[in-house]
Amino acid sequence: MTIGVNISALDFVAGQAILNTLHEWEKVIREDRNLSPVALVPKQPTVEAEVAFTVRFHLSHLDWTLEQEWVDEFAREIADIHSTGMTAARRFLDPVKRIPCPTTNDDGSTCNALIAVKGDDLLEPVSCKKCKSSWTPARLIAVATTTPGIEIWLDTEAVAQWTGISERQVRNVVTKHKLKRKGQLIDLQAFNRVRSAHSV
């Protein structure tokens, strides 16, 4: 059983993961270039200031760093920091889902304006800015998924939440049936059709 908290993401937000990596490489650069040791550099008042300070240092020495034999290792570690940051951002920023409005216009066409759905509350009312219709996200999704011609593109987390299965199961279905994707987004309509057809 998990504790419900992404420790890596919290560590990233606290700045320790960034500082540990950047300070270690800063030591290497300072030694190789005969600069003042890290220990003699005045400590910054906050973690944010400390991160900003060491980032400025690395940027000012980047041209030299790119010529070193260890640059591939440096780049991999910076890429790891970036990857951790993306995970942290995903954990702490609630993504906005956009669902095409399935309201039928007077001329018989479908509105199709995107309605932003935030958070996990499927009963919190939302409105279409174009046709002014009101929906709960649950009803909006139910109607949109049965309206021909509407595509609903969602991330793995949202598909899992709205279909009641795990993110891993979602990824397995997408991979097994080679479903079309737009970057990280999955077509919920196609996903549901495949699940129904194969009783996944």
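Looking at Gly108, is it at positive phi, assigned to a loop (DSSP other than H, G, I, E, B), modelled with pLDDT under 90 and more than 20 Å from the chain's Cα centre (by Cα)? Answer is yes for this residue.
Identify all residues within the stretch 106-127 that are more than 25 Å from Gln184 (Cβ to Cβ) and either in contact with a His (Cβ under 7 Å, 6 or more places away or on another chain) or surrounded by 12 or more Cβ atoms within 10 Å (Cβ to Cβ) (or both); write none if there are none. Those that are more than 25 Å from Gln184 (Cβ to Cβ) and either in contact with a His (Cβ under 7 Å, 6 or more places away or on another chain) or surrounded by 12 or more Cβ atoms within 10 Å (Cβ to Cβ) (or both): Thr110, Cys111, Ser127.
So which helices (runs of 4 or more DSSP H) are wholly in the stretch 136-200 and hold at least 2 residues that are over 22 Å from the mean Cα position of the chain (by Cα)? Once the helices (runs of 4 or more DSSP H) in the stretch 136-200 are filtered for at least 2 residues that are over 22 Å from the mean Cα position of the chain (by Cα), what remains is 137-144, 188-198.
The values are calculated or read from the model by the stated rules, or taken from the named source; none is laboratory data. Since the model is a prediction, treat every value here as computed from it, not as a measurement. Virtual Cβ from ideal backbone geometry, glycine too; neighbours counted across all protein chains shown.
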